[in-house]
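First the structure, in the form of structure tokens, and then the observations on it.
The values are calculated or read from the model by the stated rules, or taken from the named source; none is laboratory data. A quick note: this is a predicted structure, and the numbers were derived from the prediction, not measured. We place every Cβ from the backbone using ideal geometry, glycine too, and count neighbours over all the protein chains shown.
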Amino acid sequence: MEIRAASDYYAQLVALLPPGPAWDVEQLPELRDVLLGTAQELAREDLRLSDLFNEMFPDTVRELVPDWERVMDLPDPCLGENPAFEDRQLAVRRRLVEVGGQSRAFFIQLAISQGYPEASITERRAPRFGRSRFGLAHFGTWSAQFIWTLNTGPRRRLGRRFGSSFWGERFGMNPNGALECVIRRAAPAHALEFINYGEGV
């Protein structure tokens, strides 16, 4: 969306004036002042219209995050009592577009979104004729087929940096520690999940 400056609106207003000496901005400084003031206000409204356009979409929302949260039953309790603003934005986006899942890829993606880019999942297998072999690890019992472990790997540093953050963001720390809450809430009811935390970087 193109945002016009006050000078653009001033030129447009001058071009729309009727012909004749009564509307000559060079001879009437009062008319020029009125048009300049009107052009500045129109440019301000144009800028705010662009902001409103951005607020309509959860990917770019900033000012209306509390309204989106009210409509979507947020903030997410997994984020704690005082979640960071960018975590609240992400929760709004997820609530709108996320559909859930029970695949390995879905849970790995959840871990990646929480700052664990090397996450992997280890699944257990129940003993079955033709598939079980002596000497294999994780042989287990019949209930072992419902057990899986999320291996997080090292955590990415998510702290805010000078020059890439805005006023009010937390600085120099990992803002999100909600991995266990997010994983356990999304896991199937019959599953028993474990989280194996890796060494931090």
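Before moving on, here are some points about what is shown:
- Residues satisfying the stated conditions in the range 30-88, i.e. within 23 Å of I3 (Cβ to Cβ), part of a helix (DSSP H, G or I), touching a Phe, Trp or Tyr at 6+ places or on another chain (Cβ under 9 Å) and among the hydrophobic types (A, V, I, L, M, F, W, C): L35, L36, A39, L42, A43, V65
- Of all residues in the range 15-39, those satisfying the criterion of being under 44 Å from the mean Cα position of the chain (by Cα) and surrounded by 15 or more Cβ atoms within 10 Å (Cβ to Cβ) are L35, L36, A39.
- Whenever a residue of the range 1-14 is over 14 Å from L35 (Cα atoms), its partners that are polar (S, T, N, Q), lying with C-beta atoms within less than 6 angstrom and at least six residues away or across chains, give the pairs M1/S50; I3/S50.
- Number of residues in the range 166-188 that are over 13 Å from G80 (Cβ atoms) and either polar (S, T, N, Q) or modelled with pLDDT of 85 or more (or both): the value is 6.
- The range 59-79 - residue that is surrounded by 15 or more Cβ atoms within 10 Å (Cβ to Cβ) and touching a residue at least 24 places away in the same chain (Cβ under 8 Å) and, of those, farthest from L49 (Cα to Cα): C78
- With respect to the conditions (1) modelled with pLDDT of 60 or more; (2) surrounded by 12 or more Cβ atoms within 10 Å (Cβ to Cβ); (3) on the phi < 0 side of the Ramachandran plot, G153 lacks only one, and its number is (3).
- Leading residue by the ranking (farthest from T60 (Cα to Cα)) among those in the range 1-14 that are surrounded by 13 or more Cβ atoms within 10 Å (Cβ to Cβ) and touching a helix residue (DSSP H, G or I) at 6+ places or on another chain (Cβ under 7 Å): V14
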